[in-house]
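Asker: Just dropping this structure here.
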């Protein structure tokens, strides 16, 4: 629940930084809060909402970095991006395009300050993953990662596009929750 509330706060913060009016920000938050995308995982106790809240914070700082590039904002943005990816690795796919666009825009203006985000992102990633790898041992960590990838390939592939038929989504959508 805390992650969901933080995510909703991140939506409000991002909407305000993007220039929405107070009414527009309220409506975005209202629709987000009433969406099953937020409401369903909010009470599951999984890392989805915490990952979303950190990703939203990273997005806000990335937007501020793009508007007013400083080393501090770049370091903060990189650290938050790495932290969000540490909580939910799938967040990388969500943040990849905004990062690419901001890096390209700043590079065209000869503002290479965004490179500091790589430094802090690498440092935070090391702080998150190195203890796990050292505690489990590199070979066990790699075996577990390969097993997880194989499991996802066997199980997740059939429950997502492109392998799943559209009728499966319709059935799941109409089925009451368990």
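What follows draws every value from the coordinates through simple rules; no lab data is involved. A quick note: this is a predicted structure, and the numbers were derived from the prediction, not measured. All Cβ positions, glycine included, derive from the backbone under ideal geometry; neighbour counts span all protein chains shown.
Asker: Expected output is a single nm value to one decimal: the length gained when fully extending between residue 108 and residue 71, i.e. 0.36 nm times separation in residues minus the C-alpha distance. What is it?
Answerer: 11.6 nm
Asker: Modelled label-to-label distance, residue 64 and residue 166, 7 Å Cα→beta-carbon offset: nm?
Answerer: 4.4 nm
Asker: When 165, 66 are ordered from fewest to most other Cβ atoms inside 10 Å of their Cβ, what list results?
Answerer: Ascending Cβ contact count within 10 Å gives the list 165, 66.
Asker: Additional query: Mean-square fluctuation check for the chain, GNM, Cα pairs under 10 Å: which of 154, 12, 117 is largest?
Answerer: Looking only at 154, 12, 117, the largest GNM fluctuation is found for 154.
Asker: With all distinct Cα pairs included, what does the Kirkwood hydrodynamic radius of the chain come out to in Å, to one decimal, could you say?
Answerer: 18.4 Å
Asker: Based on the Cα coordinates of region 1-87, what is the per residue volume of their convex hull in Å³?
Answerer: 75 Å³
Asker: Can I ask one more? Please check: in the Gaussian network model of the chain (C-alpha springs, under 10 Å), which one of 137, 45, 78 has the largest mean-square fluctuation.
Answerer: Comparing 137, 45, 78 in the GNM, the peak value goes to 137.
Asker: Taking the mean number of other Cβ atoms within 10 Å as a proxy for protection, how do you rank 82-88, 33-39, 94-100 from highest to lowest?
Answerer: Result, highest mean Cβ count within 10 Å first: 82-88, 94-100, 33-39.
Asker: Per the helix-only calculation at 222 nm, which mean residue ellipticity applies to the chain, given -39500 (n - 2.57) for every DSSP H run of n ≥ 4 and division by its residues, nearest 500 deg cm²/dmol?
Answerer: Value at 222 nm, helices only, nearest 500: -25000 deg cm²/dmol.
Asker: Given 5 Å bins starting at zero, what is the percent of C-alpha pairs of region 66-123 in each, up to the one with the largest pair distance?
Answerer: 4, 21, 29, 27, 13, 5, 1
Asker: Starting with the fewest neighbours, write out 49, 1 ranked by other beta-carbon atoms found within 10 Å of each beta-carbon.
Answerer: So the ranking, lowest neighbour count to highest, is 1, 49.
Asker: Among 119, 60, 133, determine the one that fluctuates most according to a GNM of the chain built with springs between C-alpha atoms less than 10 Å apart.
Answerer: Per the Cα network of the chain with a 10 Å cutoff, 133 tops the list.
Asker: Arranged by the count of other C-beta atoms within 10 angstrom, fewest first, what order do 6, 112, 23 take?
Answerer: So the residues, fewest neighbours to most, are 23, 112, 6.
Asker: Taking 1 over the mean of 1/r across every pair of different Cα atoms in region 19-61, what Kirkwood radius in Å do you get?
Answerer: Over region 19-61, the inverse of the mean reciprocal pair distance is 11.5 Å.
Asker: Separate question: Please work out the FRET efficiency for the pair residue 44 and residue 100, using the Cβ-Cβ distance as r and a Förster radius of 25 Å; give the result to the nearest 0.05.
Answerer: The formula returns an efficiency of 0.20 here.
Asker: Given a Förster distance of 35 angstrom, what is the FRET efficiency for residue 139 paired with residue 92, based on the Cβ-Cβ distance and rounded to 0.05?
Answerer: With a Förster radius of 35 Å, E is 0.90.
Asker: PRE reach from residue 148 (point 7 Å along Cα→Cβ): which of region 68-99 fall under 16 Å by backbone N?
Answerer: The answer is 82-93, whose backbone nitrogens lie closer than 16 Å to the label point.
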